[in-house]
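Here's the structure, in structure tokens; my notes come after.
The values are calculated or read from the model by the stated rules, or taken from the named source; none is laboratory data. For clarity, every value in this text was computed on a predicted model and none was experimentally measured. For neighbour counting, all protein chains shown are included, and Cβ atoms are generated from backbone atoms with ideal geometry for every residue, glycine included.
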Amino acid sequence: MVTEPPFSAVDEGALLTRAEASAFLAQRGIRLKPATLARLWSTRSDGPPCRHIRSKPYYPRNLLEAWAAAQISGLRTGAPAAA
């Protein structure tokens, strides 16, 4: 008999609700309310990728981690040079 390991929310591919995604991002220094995540998805195309299951959004943990890393810039010491 083959048994599969139980599903764990710690899985890299785990799907997070909007509230869970907001808390996950906050742990990485990106403070976005769940409503802001909704707005980023519905009105702009620069929010984190999500999947919809029966019209409810879920954020894959590994894609959310990659999106969060892309949002953080390097340390800046001054304004960029004028063009």
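Residue 68 satisfies every condition listed in (1) over 16 Å from residue 16 (Cα atoms); (2) of a type in the set (A, V, I, L, M, F, W, C); (3) surrounded by 12 or more Cβ atoms within 10 Å (Cβ to Cβ); (4) under 10 Å from the mean Cα position of the chain (by Cα) except (1). Looking across segment 8-48, the residues that are out of contact with any Phe, Trp or Tyr (no Cβ under 7 Å at 6 or more places or on another chain), of a type outside the set (Gly, Ala, Ser) and in a loop (DSSP other than H, G, I, E, B) come down to 10, 11, 12, 27, 28, 30, 31, 32, 33, 44, 46. Do we have residue 43 as closer than 13 Å to residue 64 by Cα and without any contact (Cβ under 8 Å) to a residue 60 or more places away in the chain here? No; evaluated as a whole, the condition is false for this residue. Among the residues of segment 23-62, the one identified as at pLDDT 90 or above, within 20 Å of residue 72 (Cα to Cα) and in contact with a Lys or Arg (Cβ under 6 Å, 6 or more places away or on another chain) is 34.
Taking the conditions exactly as written (outside any helix (DSSP H, G or I) and modelled with pLDDT under 90), does residue 79 satisfy them or not? The answer is yes for residue 79.
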